[in-house]
Amino acid sequence: MDATCALCEQADARRLVAAYRIKVCATCWDLAAEGWPISAEPVLFKALAKQGLLIADRNEKNRLPRDYAPPADFAL
Ligand SMILES: [Zn+2]
């Protein structure tokens with residue numbers, strides 16, 4: 001059942017980040033409280049591109065939002 005964190009590769013990823021469809025560990029999740037660190041962006045962009053997902057607008061700290069709801073009409 002152990003999933004690997006998409007960001008730090010620890011084997012205790014329990015948090016599903018719906019917007020990016022990745023799983024991360026609690027540590028990485030906590031670090032992203034105000035948006036994902038710049039170092040995480042390559043992984044996030046890759047995850048989005050691979051799945052044909054939209055890239056979120058940056059927040060007021062110029063970070064990618066930790067999670068967000070896709071538009072209601074977004075077809076899965
Ligand atoms: Zn992690």
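The values are calculated or read from the model by the stated rules, or taken from the named source; none is laboratory data. Quantities reported herein were computed from a predicted structural model and do not represent experimental measurements. So basically every Cβ, Gly included, is an ideal-geometry build from the backbone, and we count neighbours across all protein chains shown.
Ile55 meets each of the listed conditions (1) in contact with a Ser or Thr (Cβ under 7 Å, 6 or more places away or on another chain); (2) more than 8 Å from the ligand (Cβ to nearest atom); (3) not aromatic (Phe, Trp, Tyr) apart from (1). Return yes or no: is Ala26 surrounded by 13 or more Cβ atoms within 10 Å (Cβ to Cβ), of a type in the set (A, V, I, L, M) and modelled with pLDDT of 95 or more? Spelling it out, Ala26 is indeed surrounded by 13 or more Cβ atoms within 10 Å (Cβ to Cβ), of a type in the set (A, V, I, L, M) and modelled with pLDDT of 95 or more.
As a summary of the residue check, Arg21 satisfies the conditions (1) surrounded by 12 or more Cβ atoms within 10 Å (Cβ to Cβ); (2) within 15 Å of the ligand (Cβ to nearest atom); (3) at pLDDT below 95; (4) not aromatic (Phe, Trp, Tyr) except for the one numbered (2). Looking only at residues of region 41-71 that are polar (S, T, N, Q) and surrounded by fewer than 14 Cβ atoms within 10 Å (Cβ to Cβ), we find that the one that is farthest from Lys23 (Cα to Cα) is Asn62. Residue check: Leu31 meets all listed conditions (1) more than 9 Å from the ligand (Cβ to nearest atom); (2) under 21 Å from Asn62 (Cα atoms) but one, namely (1).
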